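FYI, it's all coordinate maths here, none of it is from the lab. Keep in mind that this is a model prediction, so the values were computed, not measured. Using ideal geometry, Cβ is built from the backbone for each residue, glycine included, and neighbour counts are taken over all protein chains shown.
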Amino acid sequence: MSDVSAAQTRYGTINTEASTSLTPSGLPSHPWVQLVMGVVCMAMVANLQYGWTIFVNPIDARFHWGSRAIQWTFTLFVLFETWLVPFEAYLADRFGPRPLVMVGAFLIALCWIIYSRAATLNTFYLGAAIGGIGTGLVYGTCIGNAVKWFEKRRGLAAGLTAAGFGAGAALTVVPLTRSLSSSGYQATLFKFALIQGIVILVAALALKKPPRGSAVRRSNPRLLQTEVDRTPLQTLGSGLFWIMYAAFVLVAASGLMVTAQLAPIATGFRIDKIPVTLLGFTIPALTFALSLNNLMNGIGRPVFGWLSDIIGRESTLFLTFLAEGFAVLALARYGGNPVSFVIVAALTFLVWGDIYSIFPALTSDQFGKKYASTNYALLYTAKGCAALFVPLGSKIASITGSWFTVLLVAAIADLAAAFLMIGVVRPLRLRELRKHQATALSPAD
């Protein structure tokens, strides 16, 4: 903390040019309205990722392609969702969030409509590409908009927005599951495609970027926040960026594997349909886990984002990565018990989702706010790299005959990322802080 306070006047963002006279008028221009509309949009695209797992087995039962081939749909979805986000973020910075999110609404609806009519793997893959682009438009735009409207509480704002993506699926997983049982996966996909697309379209009408000078430009004295705005090319040239990228890949791969494979894992443990009674509810283990996982995922994102505003980004990430590693190990060891499966899976998702709230804030802290959307979008492509490991998990499980080895590898990845954050990223940021401080204090030539 002393390192931070000693150099804050040089390293921290100390701009205070905002004034009340520049504050925009009108309800849509209120920061909290922007935040709420962003959360709504995120909640409506959540099922494209977090709801996918419940469709894998019904699709396989109909076409008998095998889960590994079907899971390439998920992988392609994540690849298109993440790797185009830098370009989409550039468009959002230039044209504002509204048109980008409106296009995203159309594409995510089209994705599930294609899924509902698909009769070949290639058609599913096409739908995944379209849905990935649409989800990336919504996700990248809403996260970037939140960070711009809330500079002093970047962790909390990004966390609340990301919570919509994490917890949004919790609101619809039970209706999805019931519709799946009563109407089949095709009718379910078509119906929810229309609902989710229309809600996003309406919410997008309220979105706008903050007028220049309207955001409160004050530093958070508890954090390392730079006053230097680095361009995307400068960010890509930073070694620290690539260490952050590696940590993101490790944790995202672990979480995405559990997300995509949760239903097959539960089936492998033979507990997916066993009723579980918790908190006064009695629900089949898999359905209970899906609902509770998404809820805990949504809760964890703003909570840990807020915590990172207080104790620091790296310290929070270290603690949560460590906790996730042990939670995944517990899932491998005790997942055969339906009650343990539900509880441990929920704990895993509670601490996993914070990468999507803290890393946007950390990127802005380290590389500046002027290019915050694009710089974080570059980091967010790590999720696409991580998605490549999802089919590998299915392959390892088929070779070994169980999910234990897969979960063990995922836990090791989490623990390695925890070390990177506290053992490498934090020291490098402090070293850069001292370098800036020494340069600022040195006499002019």
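Table for the structure above
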{"item": "Principal semi-axes in Å for the chain [√(5λ), Cα gyration tensor, largest first]", "result": "37, 25, 18"}
{"item": "The chain: angle of helix 355-367 to the longest principal axis, Cα-based, in degrees nearest 10", "result": "20 degrees"}
{"item": "Dimensionless Rg ratio for region 39-152, taking C-alpha atoms and the 2.2 N^0.38 Å reference", "result": "1.13"}
{"item": "Gyration tensor verdict on region 74-225 (Cα atoms; rounded if a/c is under 1.5, prolate if a/b is larger than b/c, oblate otherwise)", "result": "prolate"}
{"item": "Cα-centred dipole magnitude for region 65-180, charges only on beta-carbon of K, R (+1) and D, E (-1), debye, nearest 20", "result": "200 debye"}
{"item": "Partner lysines for Lys152 [C-alpha distance under 17 Å; skip if fewer than 8 residues away on the same chain]", "result": "Lys209, Lys369, Lys370"}
{"item": "Among Gly66, Gly140, Gly280, residue whose mean-square fluctuation peaks in a GNM of the chain (springs only between Cα atoms under 10 Å)", "result": "Gly280"}
{"item": "Structure-based [θ]222 nm, the chain - -39500 (n - 2.57) summed over DSSP H runs of at least 4, per residue, nearest 500", "result": "-26000 deg cm²/dmol"}
{"item": "Given charges at Cβ of Lys, Arg, Asp, Glu: the chain dipole, positive-most of Val40, Tyr356, Leu176", "result": "Val40"}
{"item": "Cα gyration tensor category, rounded, prolate or oblate, for region 341-408 with a/c compared to 1.5", "result": "oblate"}
{"item": "Given charges at Cβ of Lys, Arg, Asp, Glu: the chain dipole, positive-most of Tyr90, Ile422, Gly336", "result": "Tyr90"}
{"item": "Shape call, region 248-319: gyration tensor on alpha carbons, a/c limit 1.5", "result": "oblate"}
